[in-house]
Amino acid sequence: MGDTLTKVKITTAFEGKPNARALKTYVDNGGYAGLKKAFTMQPGQIIDEVKAAGLRGRGGAGFPTGMKWSFVPKDDKGPKYIICNNDESEPGTFKDRYIVECNPHMILEGMIIAGFAIGANKGYIYTRYDFFEEIKWLETAIREAYDAGFLGDNILGTGFKFDIDHYAGAGAYICGEETGLLSSLEGKKGQPKLKPPFPAISGYLHRPTIVNNTETLAAVPWIINHGAAAHKTMGTEKSPGTKLFCLSGRVKRPGVYELPLGYPIEKLINEDAGGMLPGYTIKACIPGGSSAPILTAEELKGLTLDYEAITAKGSMLGSGAIMIIDDSMSMVELLKVTVDFYHHESCGQCTPCREGTGWLANIMTGIMAGEGKKEDLQRMFEISRNMEGKTICALSDAAAMPTKSIVTKFGAEIADFIERGKRA
Amino acid sequence: MSEHNHNTKSNDPAPAFTPALRKQIEGFLTRYETKRSAILPALHAIQDELGWIADEHVEILDKEFGLHRVQVREALTFYSAYRQKKPRQFNIQFCNNIVCCMLGANDVIGKIKGHIKKFEEKGKESPFSVEGVPCMCVCDGAPAMLVNKDRHLNVTKENIDSILEKYASLKSGV
C-alpha cells in the first residue's frame, strides 16, 4: 500500500511554469530523459516495467496498460500503431485538455516510448475538433520534437524511427471508444467494431494498434524514468500512482487536481477545493463522468478515490470526472440531460442502444412536459436493464447505468415531479 | 444524431474552392496511410475556408480528388461538426450538459435566443445563431460556449450581453 495523501505532480508537473509548453522548458526540467532511458532497455523490459508499475488506463476502463501492450504480437514485422486517445468527450472530464495545456511533450514522449516497446513506427493523436487552441499546441510540440530529433527516422541516433501525426475528430462522443476512434481515423463514421479481435491484434487498418488515453501515455515517461517501484509508492496496492480528478460544480475551486489514487473524496471537496459555495449543499455526486452511476451525498462519507473503493459503492472511477450536484439541481433535469446526451450520441449500430436511448429520452420528454406516468420509473429501469451487456460497445451500458441509479436513488423526487406535473 | 446536426440543406450558392484550399486537400490525400482518411480533414478544411459544405463540394471531392461521394457523405452526415448550410456570421455552440445546465446554461441560451428574436422582429437577420451542444470538456469554467472558434467560460445571464455586443460590433468574420 502506497501513500494516498501526499501529492506528487507527474502529468501536471509543468502546471504554472513559465513557457510551460515549450520543448526547452520540458528538456530543461528532465523531459525526454524517460525516452533516453527506454532506449537503453529491451522493448520487453519496458512493457514489464509498465506492468510492474501497475499503470491502469486513465480514460475510464482502468485496464492494465502494460498488459494491453503485451497483447501486440511480437513476431509481426508489419506496421503497428500507437494512438493517443485525446478525444476527451466523457461529460465532466477536462483533464486531457489540461495535460496538453500544461505540456504536450509529455504525451509525445509517452507515445514514442510505447512505440519503441511494441515495435510501432507511427503514432496518431486523435483530438476532438473543438479543442482549437489545444490542437495548435500539439502541432507545435510535434514540430519541435521533429526539429530536435525526438521524432523522425533516426531518433537520437538510435536508428529507431517514429512519426507522430495529429488527427482531429468531428464531434462524436462515440469516437472516445477505441474502436470507434479507429473507424473515424480511417475516415469512416465512428462506429465501434466487435471485439475480439482487439485492436492490439487487429486495429487501425487491421494492423496491431494500441489505443491509450492521453493521461495514461503522459504517465509513461515518469514511470520509465523513476521505475515501477517508485510508482507503486503512491496510491493503493491495486490502484497505484496518481490520477487527475476533474472537479466541477458549485465548489469554491473547481479544476483539475492530480492526487494519489485512494485520496479521500471529502478531503478533495472540503479542503483542496475549499468546500461548497455559500448557500449550496451537496445533493449527489457523479464520480467518474456521466456514465458512472450517481452517488448520494451520504455515500461520499469515507469514500476514497480509487478504482476498487468506488466500484464497491456501486459506481466507477471512470475518467476521474467528479461532478458535484448541489441542491439547486432537479434530478428530473439531470436525468433528462443525461439520457438526451446518450440518445444524441448513440451511433445507431445496435438496436438496444439506438432504440433504448430513444425510449428513455421520449419518456423523459413526456415527464418534463407534465405527461409522465407513475409507471415510467419502473419502465425506465426495465429498459435500462435490457440495454446492458447486449451491444458492440459500452455506450448503451453508459446510458443505462446512470439511469438505473438515478431512478433508484432519486425515484421519490421524480415520482413527485410526475405527480405534480399531472395536477398542473 | 439529428438534433444537433446541421442536416438542413441550404439554397445558398456554393462558394468556390480557393487555390489554397485545393492545395491543402491535395496534401491530405497523401498524408495518411489511406486516401479515405483524408475525408475528415478535407471536410474540416472546406468548412474552415468556406463556412459550410455544399453538395457541389462533395462532387468536387469525388470528381477532382478521388474521394468517393458515398464515403464523403457518410462522414458529412454522421459527425456533428459539419454544416450543410451557410452559417450566420457568429455561430454559438452552447454546452447544455450536466454541469453547464446546473450552472444556468439554459437561461443564457434563452437570453441569446431572445436577442436573435429581437432582430427578427425588426425584419432583420441576427448575426448570431445558437445551438445546444454536448459537453465541451471545460466544466471547471461552466457554463461554457464557443462563438465560432473562440471559447468563452463562465458565461452567465449577466455577462452574455456584453459578449454579444463585442461580436456584433465586429465587421466581418465567419
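Structure values in brief
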{"read-out": "Simple label model, 7 Å out from Cα along Cβ direction - residue A:277 to residue A:45, nm", "value": "5.4"}
{"read-out": "With Cα atoms, 0 to 90° folded angle of helix A:214-226 axis to chain A main axis", "value": "40"}
{"read-out": "Pairs beyond 22 Å (Cα-Cα), from A:74/A:195; A:51/A:232; A:195/A:243; A:80/A:193", "value": "A:195/A:243"}
{"read-out": "Tilt relative to chain A, helix A:132-147 - C-alpha long axis, 0 to 90 degrees, to 10", "value": "10"}
{"read-out": "Förster-model FRET efficiency, 35 Å R0, residue A:420 and residue A:15, C-beta, rounded to 0.05", "value": "0.15"}
{"read-out": "Residues with amide H under 5 Å from that of residue A:249, placed H, sequence gap 5 or more", "value": "A:324"}
{"read-out": "Percentage relative contact order, chain B, counting C-alpha pairs under 8 Å, at least six apart", "value": "22"}
{"read-out": "In degrees, nearest ten, helix A:395-409 long axis to first principal axis of chain A (Cα)", "value": "40"}
{"read-out": "5 angstrom amide H check on residue A:4, placed H, neighbours 5+ away", "value": "A:235"}
{"read-out": "FRET efficiency, 1/(1 + (r/R0)^6) with R0 22 Å, evaluated for residue A:201 and residue B:73 via beta carbons", "value": "0.10"}
{"read-out": "Percent of beta bridges antiparallel (DSSP, chain B, rounded to nearest 5)", "value": "45"}
{"read-out": "At R0 = 51 Å, FRET efficiency that the Cβ-Cβ distance of residue A:311 and residue B:122 yields, to 0.05", "value": "0.35"}
{"read-out": "Neighbouring partner chain Cβ atoms per residue of A:343-349, average, 10 Å criterion", "value": "3"}
{"read-out": "Under 16 Å from the Cα of residue A:7 - aspartates and glutamates, other chains or at least 8 residues apart", "value": "A:15, A:258, A:266, A:271, A:272, A:306"}
{"read-out": "Considering only chain A, percent of DSSP beta bridges that pair antiparallel, nearest 5", "value": "45"}
{"read-out": "Vicinal HN-Hα couplings computed from phi for the stretch B:115-131 (Karplus, 6.51 cos²θ - 1.76 cosθ + 1.60; Hz; Gly/Pro x)", "value": "4, 5, 4, 4, 4, 4, 5, 8, x, 10, 9, 5, x, 10, 10, 9, 9"}
{"read-out": "Length-normalised contact order for the stretch A:51-109 - Cα pairs under 8 Å, 6+ apart - percent", "value": "17"}
{"read-out": "Neighbouring partner chain Cβ atoms per residue of A:129-139, average, 10 Å criterion", "value": "3"}
{"read-out": "Peptides A:329-339, A:206-216 ordered by average Cβ neighbours within 10 Å, highest first", "value": "A:206-216, A:329-339"}
{"read-out": "Separation between Cα centres of the stretch B:98-124 and the stretch A:325-343, rounded to whole Å", "value": "20"}
{"read-out": "For residue A:165, distant residues with modelled amide H under 5 Å away", "value": "A:123, A:124, A:125"}
{"read-out": "Centroid-to-centroid separation of the stretch A:137-177 and the stretch A:384-412 [C-alpha atoms, Å]", "value": "37"}
{"read-out": "Simple spin-label estimate for residue A:229 and residue A:133 in nanometres, 7 Å along Cα-Cβ", "value": "4.3"}
{"read-out": "Protection-proxy order for peptides A:140-151, A:400-411, each taking the mean of Cβ atoms within 10 Å per residue, highest first", "value": "A:400-411, A:140-151"}
{"read-out": "Under 12 Å from the Cα of residue A:189 - aspartates and glutamates, other chains or at least 8 residues apart", "value": "B:74"}
{"read-out": "Peptide B:125-134 - average C-beta neighbours from other chains (10 Å radius)", "value": "2"}
{"read-out": "Gaussian network model of chain B, springs between alpha carbon atoms under 10 Å - residue of B:92, B:163, B:39 with greatest fluctuation", "value": "B:163"}
{"read-out": "Distance (nanometres) between label positions extended 7 Å along Cα→Cβ at residue A:413 and residue B:162", "value": "3.3"}
{"read-out": "Set of lysines near residue A:409 by C-alpha distance (under 26 Å), chain-local residues within fewer than 8 positions excluded", "value": "A:267, A:283, A:301, A:313, A:336, A:373, A:374, A:390, A:422"}
{"read-out": "Segment residue A:76-residue A:63, extension gain: residue separation times 0.36 nm, minus the distance between their alpha carbons", "value": "2.3 nm"}
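Rule-based calculations on the coordinates, nothing more; no lab input. Everything quoted here is computed from the prediction, not taken from an experiment. Positions of Cβ are backbone-derived with ideal geometry, glycine not excepted, and every protein chain shown enters the neighbour counts.
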